[in-house]
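Asks: Quick one: the structure is below, and I'll ask about it shortly.
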Amino acid sequence: MTHTPAPTQQTARLQSIHAAAQTITLSGPIVSQSMPDPIELVVYEFQPFEDQAPLAREREIAALPLASVSRDGQFAVGIPRFDEGQQGGKRDRLYSRFRAALRAPGAEPVILDGIAFVNQLGGEPGAGISAWESEYPTSRTIKGLQVHMLDDAVALGVGHAALNLNLPTILRPAATPTTITYRMDGRDYFFDGAYLAGFDRRVKELSDHGIIVNLILLNSMKWDSVEIHPDLRGILPHPAYHPEGLISAFNVTTAEALDYYKAFVEFTAWRYMQPGAPYGRACGLIIGNEVDSQWIWGNAG
């Protein structure tokens, strides 16, 4: 009698998670062709902060016969990028953590080795997932500064500038007459329009002079003389943040904190990278600052 071995972590490997406009495709090589039949390829979805064990049935978003999604020693399974079950709107799975597993009849699923997050975006030119596409600009010089005075920057011939933008400084827990509303995953988020009007001017003055602007995104409880809103004090700081640290690491350990962080990054990209640059043009986002000095600049305990 021939014994067919059960699948192991090394039977196949999750090598690529590719996000397109409407789908996310998980794929990888099948190392061993000797497996029980039938066998399922199962895809599980988690939020980044969630424990991945055990592999509960409610986390399954796809379960297909391996033979139906494999060809020439490779498997590939596509899932909808947007979760239509989100109340009030679609939830983008671009941020999710995925696990793939092989499941034989009557056996526990075997998790495959490999990656867990999207590692490829878009596809061929013109078929990407970005709302807008533009060439990254070039500068006549590598000289760059954290700019405080535009006239000095121009006089010095600066070609690159970095500006700090702090999440607690601009985020508000509810709408006011001066807030800017940004909608993400079916929910509205609110940002301080009065503060941003001044920040817009700084970005636009620099980019209009041909200076390449990068924004440093921070999570300080007080920045530019603006303190965090009292209603956000229990949400935005990292749970292990020590007040002796100047800046907290971003908190992505709960659903609410992660949503605020996602909205902050998406809103910033939307405002400063759109065509026509009505608020100025930023070309890159630096997440956090000086990670080699974590206690001061990204405190998580």
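Asks: What's the angle, to the nearest 10 degrees (0 to 90), between helix 193-208's Cα axis and the longest principal axis of the chain?
Replies: Tilt relative to the chain: about 90 degrees.
Asks: Student exercise: in the chain, how many lysine pairs 8 or more apart or on different chains have Cα atoms under 27 Å apart?
Replies: Pairs that pass both the separation and distance tests number 5.
Asks: For the chain, take the longest principal axis of its alpha carbons; what is the angle in degrees between that and the long axis of helix 255-272, to the nearest 10 within 0 to 90?
Replies: Between the helix axis and the principal axis of the chain, the angle is about 60 degrees.
Asks: Regarding the chain, what's the average projected area of the Cα-atom convex hull, expressed in nm²?
Replies: Approximately 19.6 nm², given one-decimal rounding.
Asks: How much accessible area does ASP83 have with a 1.4 Å probe, in Å² rounded to the nearest 10?
Replies: It works out to around 40 Å².
Asks: Out of the total accessible area of the chain (probe 1.4 Å, heavy atoms of protein only), what percent is carbon and sulfur?
Replies: Ligands and nucleic acids excluded, carbon and sulfur give 53 percent.
Asks: I would also like to ask the following. Can you give the charge dipole size of the chain about its Cα centre, rounded to the nearest 20 debye, using +1 on the beta carbon of Lys and Arg and -1 on the beta carbon of Asp and Glu?
Replies: It works out to roughly 260 debye.
Asks: Give the accessible surface of region 143-229 per residue, rounded to a whole number of Å², with probe radius 1.4 Å and ligands, DNA and RNA excluded.
Replies: Solvent-accessible surface per residue comes out at 45 Å².
Asks: Ok, one more. If you take the charge dipole of region 59-103 about its Cα centre, with +1 on Lys and Arg Cβ and -1 on Asp and Glu Cβ, which of GLY89, ALA100, ILE79 is farthest toward its positive end?
Replies: Going by the Cα projections, it comes out as ALA100.
Asks: At 7 Å along the Cα-to-beta-carbon direction for both LYS90 and ARG201, put a label point, then send me their distance in nm to one decimal.
Replies: Between LYS90 and ARG201, the simple spin-label model gives 3.9 nm.
Asks: Still on this model: Local charge sum around SER248 (other residues, Cβ-Cβ under 12 Å, Lys/Arg +1, Asp/Glu -1)?
Replies: +1
Asks: Counting each DSSP H run of 4 or more residues in the chain as -39500 (n - 2.57), what helix-only mean residue ellipticity at 222 nm follows after dividing by all residues, to the nearest 500 deg cm²/dmol?
Replies: For the chain, the value works out to -4500 deg cm²/dmol.
Asks: Determine how large the accessible area of SER68 is when every protein chain is in place; take a 1.4 Å probe and give Å² rounded to the nearest 10.
Replies: Estimated to the nearest 10 Å², SER68 gives 80 Å².
Asks: Please calculate the 1.4 Å probe accessible area of MET149, with all protein chains present, and give it to the nearest 10 Å².
Replies: My reading of the accessible area for MET149 is about 120 Å².
The values are calculated or read from the model by the stated rules, or taken from the named source; none is laboratory data. On a predicted model such as this, the values are computed, not experimentally measured, just so you know. Cβ: placed from backbone, ideal geometry, glycine included. Neighbour counts: every protein chain shown. Calculation scope for accessible area: heavy atoms of the full protein, side chains included, ligands and nucleic acids excluded. Shrake-Rupley method; radii C 1.70, N 1.55, O 1.52, S 1.80 Å.
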